[in-house]
1. Which pairs have Cβ atoms under 6 Å, sit 6 or more apart or on different chains, and link a residue in segment 371-386 that is in contact (Cβ under 8 Å) with a residue 60 or more places away in the chain to one that is surrounded by fewer than 16 Cβ atoms within 10 Å (Cβ to Cβ)?
2. Regarding segment 578-585, can at least one residue be identified that is at pLDDT below 90, over 30 Å from residue 268 (Cβ atoms) and within 32 Å of the chain's Cα centre (by Cα)?
3. Does residue 45 satisfy the condition of being in contact (Cβ under 8 Å) with a residue 12 or more places away in the chain, closer than 21 Å to residue 485 by Cβ and outside the structural domain of residue 502 (by TED's automatic domain parsing)?
4. Here are 292, 306, 311, 329: which of them is at pLDDT below 90 and either within 28 Å of the chain's Cα centre (by Cα) or not assigned by TED's automatic domain parsing to the domain that holds residue 519 (or both)?
5. For residues that are in a loop (DSSP other than H, G, I, E, B), surrounded by 15 or more Cβ atoms within 10 Å (Cβ to Cβ) and either free of Cβ contacts under 8 Å to residues at least 24 places away in the same chain or not assigned by TED's automatic domain parsing to the domain that holds residue 476 (or both), tally how many sit in segment 564-596.
6. I'm told residue 511 meets every condition in (1) free of Cβ contacts under 8 Å to residues at least 12 places away in the same chain; (2) assigned to a loop (DSSP other than H, G, I, E, B) except one. Can you identify the failing condition by its number?
7. Considering each of 474, 484, 529 in turn, give the residue that is over 20 Å from residue 344 (Cα atoms) and either assigned by TED's automatic domain parsing to the domain that holds residue 353 or under 26 Å from the mean Cα position of the chain (by Cα) (or both).
8. Quick check on my filter: what residues within segment 84-102 are over 19 Å from the mean Cα position of the chain (by Cα) and closer than 15 Å to residue 167 by Cα?
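The values are calculated or read from the model by the stated rules, or taken from the named source; none is laboratory data. All of these numbers come straight from a predicted model, not from anything done at the bench. For neighbour counting, all protein chains shown are included, and Cβ atoms are generated from backbone atoms with ideal geometry for every residue, glycine included.
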């Protein structure tokens, strides 16, 4: 059986329509501007003082400032985090470039603070526009022009994905969402050398920004491999283009963007291990593409793909053994148990540590989208190759979601497409059915339902979330920013806000490479008050901060009794070496009473 013969009917169907998005550009721009404006008005009190939505957004702001203030392009150390000398970050300058460019361009017009505020609003909005445009393009690829507008409108409601585009979201997930949609467009559109090159560039940049996108990249590669089995010369050229671009861009990044601190023991971003694995993958795709001219039957292609794929896996395992341990393989075992094992976005969707509403919030749309895709395949007549590939992609991504919640950040937006296709096919159908499709494909419905469920079934969890948000409100940190600079011993949840909103040095923050500082923080708060005072002197600590409930995570109960944290969170007065500072909020903040000067480390930055 000739593979080229098998492919031709499907190939003709794939080339029936090329997306024309002129109308979608206007609608996407209008939606992006409208929603960004609404979100900005809602959050203006915090945005206006650059108090951003999450820990990573605050740290990204600090990283951008450091770079614009003279820190080296390849120097990714955060010098106000961890032990003396700082802590290495696993991030990439790729995600800093857009925000830094906007701040640079806007500063002469608005001043530095105004430029940072404008950037914090406009940068996520710009990425949101491109996300909406790509969703519309994918909708038309899969369901024709009648699916384009439903895809765009549902994409604008696709929580949790849209939560990564609200003003202030400077974290790298929004950039990765856009790049992943470019990657998906590669296999739902016609195969060509050009599409392979574009997809390879997107994959290389995504992996360099952060390895959180790896599950989606793997899912794309699986469906590309399936398509290649039944492929033609166009599919071979696409494989060559993908491999060449993936390897070429990775080598360029290696030459120009290699960080000064490039640890061998981590596989958590752009590191030696991950780079070797990526280059091995690129070589495999090149070999697969070039071999296509010699293997033209389905059977021979299966054998070739199996041999090349197995060789790539073995090569990656031998060249990058630390990647087999995952991104946190070198994390201290104690930190693994009491911290990382309780980080929500790293938990499986089925984790008993989170309430049922949380599962609806982050898994509802993705699972519903996969089910809808299956129904369209089996009962709705959507049987062409690209729909089958897209459904397989959704299925693989749902499996990854069950293993790690953060997959929903990208998967949610893509999961609206089956509903958009169904709406496009049934444009004049039963009103009740169409309303049901709109509701089932709107991610905000699952978000609203999750809140109702958690308030009814897990009120303590809801109260805990509210208390955590109150403790990181803007007011207290504005007061702290006026205090003399110093080193703060605070839980992981506060570190990024201390660094991003003040000039303080934080010993701990939610970054796994900061093994030394994060472990020292737990040793300090879980020690008895007398021992904690000794540790404060050793670390030259000037201030202590914590929020109510910071040390109630599973795994800490045995260490908590009799500790400094228990005393500060209880009704007893703090030890006499801690002087309370009124922050005007629920944040507990103390100045250490001793004769030492403020930390030389913090004062020097």
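1. Filtered contacts from segment 371-386: 384/13.
2. Checked segment 578-585: at least one residue is at pLDDT below 90, over 30 Å from residue 268 (Cβ atoms) and within 32 Å of the chain's Cα centre (by Cα).
3. The answer is no for residue 45.
4. 329 is the lone residue from the list that is at pLDDT below 90 and either within 28 Å of the chain's Cα centre (by Cα) or not assigned by TED's automatic domain parsing to the domain that holds residue 519 (or both).
5. Counting residues in segment 564-596 that are in a loop (DSSP other than H, G, I, E, B), surrounded by 15 or more Cβ atoms within 10 Å (Cβ to Cβ) and either free of Cβ contacts under 8 Å to residues at least 24 places away in the same chain or not assigned by TED's automatic domain parsing to the domain that holds residue 476 (or both) gives 1.
6. Of (1) free of Cβ contacts under 8 Å to residues at least 12 places away in the same chain; (2) assigned to a loop (DSSP other than H, G, I, E, B), only one is false for residue 511: (1).
7. When all the criteria are applied, what remains is 474.
8. Result: 102, single match.
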